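**Student:** Got a structure here, written out as structure tokens. Questions coming.
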Amino acid sequence: MKNETCRLTILLIEDEASHAFLIRKNLRRGGFGNEIIVIDSGQEAMDFLFSEGNNAGKPLPNPMLVLLDLNMPGVNGYQILQRMKSDPVTRDIPIIVLTTTDDQREINKCYELGCNMYVTKPVEHQAFMEAVRELGLLFCIMTPPERL
């Protein structure tokens with residue numbers, strides 16, 4: 001079911017290796033065959049997104065969507081979300097928060113900071129795999145904005 005015309009690149013910012021593996025695997029099962037870039041730390045994600053550090057001068061994929069975990073050591077997902085949505089280069093990139101936090105105050109905070117969608121990772125393994133597979137189906141039909 002891969003959509004050959006969809007050029008969307010996923011940037012997965014997830015510090016838990018087992019979650020990143022399951023997310024990639026189940027996006028593929030959902031039909032998303034495009035590039036998935038996995039970054040496992042908040043600071044590396046900031047460097048990637050804002051062409052800093054080892055990524056100085058490197059352009060971002062276009063179009064792109066970010067899957068963002070909140071709970072990471074050092075630079076966390078809230079800081080990434082806030083900076084992305086306040087920067088004119090990255091503010092239009094869709095951000096889906098994909099995290100274990102289901103506290104309504106945290107959900108509200110993410111929407112206030114500008115996330116486009118908030119998905120709570122189900123604790124049960126099979127439910128988690130199914131939720132990610134369904135996200136893959138969504139990514140195959142969505143039309144993200146392209147940056148000029």
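The values are calculated or read from the model by the stated rules, or taken from the named source; none is laboratory data. Only a predicted model underlies this, so the values are computations on that prediction, with no experimental measurement involved.
**Student:** Considering each residue of segment 73-108, count those that are among the charged types (D, E, K, R) and in a loop (DSSP other than H, G, I, E, B), and give that number. Reasoning before the result, please.
**Tutor:** Going through segment 73-108, the residues among the charged types (D, E, K, R) turn out to be 83, 85, 87, 91-92, 102-103, 105-106.
Okay, now just the ones that are also in a loop (DSSP other than H, G, I, E, B), so 87, 91-92, 102-103.
Total satisfying the criteria: 5.
**Student:** Among the residues of segment 109-135 satisfying the criterion of being hydrophobic (A, V, I, L, M, F, W, C) and not in a helix (DSSP H, G or I), which is modelled with the highest pLDDT? Walk me through it before giving the result.
**Tutor:** Residues of segment 109-135 hydrophobic (A, V, I, L, M, F, W, C): 110, 113, 115, 117, 119, 123, 127-129, 131-132, 135.
Of the ones still in play, those that are also not in a helix (DSSP H, G or I) are 115, 117, 119, 123.
On the way: CYS115: 95, MET117: 89, VAL119: 86, VAL123: 68.
Only one residue fits best here, namely CYS115.
**Student:** Hey, another quick one. Within segment 52-72, how many residues are among the small types (Gly, Ala, Ser) and in a loop (DSSP other than H, G, I, E, B)? Working first, answer last.
**Tutor:** Taking segment 52-72 first, the residues among the small types (Gly, Ala, Ser) are 53, 56-57.
Checking which are in a loop (DSSP other than H, G, I, E, B) leaves us with 56-57.
Count: 2.
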